[in-house]
Amino acid sequence: MTTIDTLIVGQGLAGSLLAWALQRRGQRVLVLDDGHRSAASTVAAGLLNPITGQRLVKGPEVDECLPAAQGCYRELERELQRPLFHPLPIWRLFQGERECQAWEKRRADPAYQDYLGAPLPLMDSPAAPLGGFVQRHSGYLDTRALLAGMRERLQAMGCWRQEAVDYRQIVPGAQGVVYRDLSAKRLIFCEGWQARHNPWFADLPLAPSRGTILTLHSDAPWPSVILNQGRWLMPRGGGEYRLGASYDRERLEAAPDSEEIAALRQQLLRWFPAAPDYRITAVESAVRPNTRDKRPLLGVHPQYPGLGVFNGFGSRGSLLIPWHAERMAERLCDGLPLPEGVDIRRYG
Ligand SMILES: Cc1cc2nc3c(=O)[nH]c(=O)nc-3n(C[C@H](O)[C@H](O)[C@H](O)COP(=O)(O)OP(=O)(O)OC[C@H]3O[C@@H](n4cnc5c(N)ncnc54)[C@H](O)[C@@H]3O)c2cc1C
């Protein structure tokens with residue numbers, strides 16, 4: 001038997017950052033991952049966007065989560081010796097009158113002023129006849145670089161194993177949890193949308209959605225900022241761009257299809273009507289671990305306190321996970337209560 005403090009199932013963004021938060025508190029951690037078979041984190045664009053939707057809402061969690069995310073990624077850049085977070089403004093192009101009115105209202109609100117930059121001039125593009133504005137405190141996280149760096153680090157410490165965890169072999173007891181040759185004080189599930197097969201937390205209100213993203217190469221002089229008009233175009237340097245994303249709640253297991261690809265390409269034509277010159281280098285789909293109330297799912301099992309869950313970060317993992325990983329680590333190591341709105345006990 002190998003004895004550890006915390007066994008983590010899943011090394012997506014959630015499992016990686018929870019492992020990081022626990023190790024910094026001196027915990028002995030072991031992370032098991034099935035080779036990212038179902039990972040959202042390896043496909044995600046990693047956009048960090050504090051103002052969302054056509055109503056331009058800044059959620060109540062943003063003021064805490066944004067500095068936590070920026071600080072966490074800066075620290076991990078030093079630890080893993082690679083760039084991870086790329087600050088970039090977003091040009092929000094109004095989708096219609098409603099968004100335009102929301103902008104007028106928000107710009108007068110002191111809580112929003114730091115996030116909303118200058119108005120964009122009216123553009124020639126037929127896609128943006130109403131103009132738009134520059135959004136600040138945004139950018140993208142290179143999620144693949146973070147996952148690869150974290151895996152290398154954990155492997156070097158002997159704290160990572162490639163394994164598809166079989167739920168039937170998990171044995172929770174009074175003193176902790178046994179899984180095959182491993183004995184741990186606790187086991188935390190971070191399996192993203194695959195949690196819907198988890199018999200220990202069968203009632204979690206997951207509402208997963210599949211998304212498709214294109215990776216493009218173009219030498220055209222496209223803007224070096226993130227364009228966002230419902231769909232978005234994100235420059236990654238060296239002529240590489242990512243274009244996304246579709247949203248599908250029904251066909252979760254489906255491969256990317258020609259309709260999704262055509263709809264994304266159509267958006268590009270609307271922005272750059274003069275037949276843009278580009279080639280598609282990758283088409284990828286994955287499933288977001290959304291929840292019905294759009295809040296994350298953190299907590300421990302009501303009967304087996306050695307089992308816990310850290311999941312439900314939906315479409316906003318890059319922004320939400322670092323702050324919530326700290327709260328989960330405080331709960332597990334110091335017994336502090338979880339913030340009410342994210343504790344799974346809200347479901348009885
Ligand atoms: C198309 C798309 C675009 C997105 N864009 C953005 C964006 O721009 N900004 C943003 O913040 N978020 C975005 N997201 C959401 C983001 O990807 C998620 O919030 C985040 O990655 C969730 O991380 P996770 O670790 O919870 O889940 P995952 O990344 O899915 O990780 C779960 C891991 O557990 C493994 N696993 C599952 N079951 C087992 C098992 N039984 N045994 C072992 N391992 C197992 C999986 O293979 C995977 O490696 C996007 C998602 C998609 C799909």
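The values are calculated or read from the model by the stated rules, or taken from the named source; none is laboratory data. Bear in mind that the values here come from a model prediction, so they are computed numbers and not experimental data. Cβ atoms come from the backbone with ideal geometry, glycine included; neighbour counts cover every protein chain shown. These area figures cover heavy atoms from the full protein model, side chains too; ligands, DNA and RNA do not enter into them. Shrake-Rupley method; radii C 1.70, N 1.55, O 1.52, S 1.80 Å.
Would you look at the GNM of the chain, springs on alpha carbons closer than 10 Å, and say which of G139, G317, G96 moves the most?
Evaluated over the chain, the most mobile residue of the options is G96.
Sort largest first and round to whole Å: the equivalent ellipsoid semi-axes of the chain, each the square root of five times a Cα gyration tensor eigenvalue. If you can, show how the numbers build up before the last one.
Numbers: eigenvalues 276, 91, 69 Å².
Value: 37, 21, 19 Å, ordered largest first.
Take every DSSP beta bridge whose two residues both sit in the chain, then give the antiparallel share in percent to the nearest 5.
70
How large, in percent, is the carbon and sulfur part of the accessible surface of segment 89-137 at a probe radius of 1.4 Å?
Taking all protein chains in place, segment 89-137 shows 56 percent carbon and sulfur surface.
With a cut-off of 8 Å between alpha carbons and a minimum separation of six or more residues, what is the relative contact order of the chain in percent?
Numbers: 684 pairs, mean separation 83.8, N = 348.
Worked out over the chain, it gives 24 percent.
Which value, in Å² and to the nearest 10, is the accessible area of L116 when all protein chains are kept and the probe is 1.4 Å?
Approximately 20 Å² of L116 is accessible to the 1.4 Å probe.
Over all directions, average the projected area of the Cα convex hull of segment 209-288 and note it in nm².
5.1
Is there a quick way to get the dipole size of segment 209-288? I mean about its Cα centre, with the Cβ of Lys and Arg at +1 and of Asp and Glu at -1; what is the value in debye to the nearest 20?
Working: 10 positive and 10 negative charges, 46 e Å.
Computed charge dipole of segment 209-288: roughly 220 debye.
Kindly report, to the nearest 10 Å², the accessible surface of C190 as traced by a 1.4 Å probe over protein heavy atoms only.
Solvent-accessible area, nearest 10 Å²: 10 Å².
Let me check against my output: what whole-number percent is the relative contact order of segment 89-137, with C-alpha pairs under 8 Å and at least 6 apart? Could the numbers behind the result be given before it?
Numbers: 67 pairs, mean separation 24.8, N = 49.
Relative contact order comes out at 51 percent.
Peptides 9-21, 164-176: what's the order by average Cβ count within 10 Å, highest mean first?
9-21, 164-176
Hey, got the dipole for segment 89-137? About the Cα centre, +1 on K and R Cβ, -1 on D and E Cβ, debye to the nearest 20? Provide the component values of the computation, followed by the final result.
Numbers: 6 positive and 6 negative charges, 23 e Å.
Using only the charged Cβ atoms, the result is roughly 100 debye.
Just the number please: accessible area per residue for segment 209-288, 1.4 Å probe, all protein chains included, in Å².
Values: 3770 Å² over 80 residues.
Accessible area per residue: 47 Å².
Any chance you could look up the accessible area of M1 with a 1.4 Å probe, heavy atoms only, rounded to 10 Å²?
Around 150 Å² of this residue is reachable by solvent.
What's the center-to-center distance, using Cα atoms, between segment 170-231 and segment 286-348 in Å?
Segment 170-231 and segment 286-348 have Cα centres separated by 12 Å.
State the percentage of accessible surface on segment 209-288 attributable to carbon and sulfur atoms; use a 1.4 Å probe and exclude ligands, DNA and RNA.
50
Report, ordered by chain and residue number, the lysines lying within cross-link reach of K58, taken as a straight Cα distance under 28 Å and ignoring same-chain residues fewer than 8 apart.
Straight-distance partners of K58: K105, K294.
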